[in-house]
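Heads up, the thing below is written out as structure tokens.
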Amino acid sequence: MMANLLDFDLEGLAVFCEGMGEKRFRATQLFRWIHQRGMSNFDDMSDLAKSLREKLKVNAHVAPLPILSQQISKDGTIKWLFDVGAGDAVETVFIPEDDRGTLCVSSQAGCAVGCRFCSTGHQGFSRNLSTAEILAQLWFAEHFLRKHLHQTDRVISNVVMMGMGEPLQNYSALIPALKAMLDDHGYGLSRRRVTVSTSGVVPMMTRLSLDCPVALAVSLHAPTNELRDNLVPLNRKYPLDELLAECTLYLSKAPRDFITFEYCMLKGVNDQTEHAQALVQLIRRHAANGLRCKFNLIPFNPFKASGLLRSDDAAVEQFASILIQAGFVTTVRKTRGDDIDAACGQLAGDVKDRTGVAERIAQQRAVPIEWHAKAPQSGAH
Ligand code: SAH
Ligand code: SF4
């Protein structure tokens, strides 16, 4: 079977090269061609021995994900829909800002956690993405953008695992992908510029802190177990005090870091003054043990099946001011790419059910995608 080289971090690629009777340092050269230069055609990798290139052609390939659509928002946000087979699609969103470019990456097709306010959760779980499918999103986006923006330098400076799926429920595929993002021979992103967002898979948070301690965002959404049980069903397994104690432990190994708490603002559900006050009490209790955090309030991106509404701006402001007065750094997430429905966490927003996905993919296949031919096949340069 042909190995997809996007499936490996540098260590994995070294093992693969050794399996072909090659020296480990060949893996570094190969890794750089693939991830730093965006190449997929072995013949273009000029400093690899011809014999190695021939072996690679027989045993391996660099296989991108087929693209179903690309939408560009007026504000520069770009959303791609990738086909991952069997009627499943995942989305990736690029969000340009003045001082950085952020890529929002998916980790699963669907999600098993089933949060009430999340359209991915409403789709149900289909399957875990492989490391190659996770990395292919970054590989494609980075090299597509460099070409598109006529830039030779890195375009994507930050990655957030905030697309579809619960990354910590796909741990074994996630770790090599994160390692390739951080590797100086790969994307060379700093540990603090790669963020894993989790709904709170406590045991896997411990492992992440040991294996690859990147920045952590935790989807909180409620100040009490009663409410969080209802919004984020995983809370029944890992309730708030356990989750927050784990957050504190996560930070104990990274003294200058903090946890970002995401809080999706749902009208009349979790956005009242008493919720903000309860949240302050809860977090203060854990701050006393060393929990450092900031809050990111996310205006809910409504979709019909949820039966929920976005909080009014005034409620969001009031909520934020209570947190700020209590001394917590608090930001309200700007909605980006509204015209293409591309806000992180609202990916595949118009996907209502699994049949819908298959149908939509079939429709999109029928439409010729003009720029598809321009996707990097044998390298972005
Ligand atoms: N599964 C992970 C990461 C993906 S979701 C997690 O839950 O953290 C990324 C973020 O988007 C989470 O904070 C999630 O709660 C939020 N989100 C999901 N659906 C949303 C919606 N409809 N509107 C606003 N934010 C949403
Ligand atoms: Fe899954 Fe995150 Fe959506 Fe919850 S919010 S259903 S954990 S993707």
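The values are calculated or read from the model by the stated rules, or taken from the named source; none is laboratory data. Every value quoted in this text rests on a predicted model; they were computed, and no experiment measured them. Every residue, glycine among them, receives a Cβ derived from its backbone with ideal geometry; neighbour counts consider all protein chains shown.
Only residues that are part of a strand (DSSP E or B) and under 18 Å from Cys17 (Cβ atoms) were counted across the stretch 43-70, and they come to 2.
Residues in the stretch 110-128 that are within 13 Å of ligand 1 (Cβ to nearest atom) and not polar (S, T, N, Q): Gly110, Cys111, Ala112, Val113, Gly114, Cys115, Arg116, Phe117, Cys118, Gly121, His122, Phe125. In the stretch 197-237, the qualifying residues are those that are over 19 Å from the mean Cα position of the chain (by Cα) and of a type in the set (Lys, Arg), and the one that is nearest to ligand 1 (Cβ to nearest atom) is Arg228. Against the conditions (1) out of contact with any Leu (no Cβ under 7 Å at 6 or more places or on another chain); (2) in contact (Cβ under 8 Å) with a residue 24 or more places away in the chain; (3) hydrophobic (A, V, I, L, M, F, W, C), Ala287 satisfies every one except (2). Reported count of residues in the stretch 116-139, each being in a loop (DSSP other than H, G, I, E, B), among the small types (Gly, Ala, Ser) and surrounded by 24 or more Cβ atoms within 10 Å (Cβ to Cβ), is 0. Can you find a residue that is at pLDDT below 95, in contact with a helix residue (DSSP H, G or I) (Cβ under 7 Å, 6 or more places away or on another chain), of a type in the set (A, V, I, L, M) and not in a helix (DSSP H, G or I) anywhere in the stretch 331-340? Among the residues of the stretch 331-340, not one is at pLDDT below 95, in contact with a helix residue (DSSP H, G or I) (Cβ under 7 Å, 6 or more places away or on another chain), of a type in the set (A, V, I, L, M) and not in a helix (DSSP H, G or I), which makes the answer no.
Go through the stretch 220-262 and give me each residue that's of a type in the set (Ser, Thr, Tyr) and more than 18 Å from Met161 (Cβ to Cβ). Explain how you work it out, then say what you get.
To start, the set of residues in the stretch 220-262 that are of a type in the set (Ser, Thr, Tyr) comprises 224, 238, 248, 250, 252, 260.
Within the stretch 220-262, Thr224, Tyr238, Thr248, Ser252 qualify.
Within the set Leu65, Leu52, the sole residue that is buried (at least 18 other Cβ atoms within 10 Å of the Cβ) and farther than 21 Å from Met161 by Cα turns out to be Leu52.
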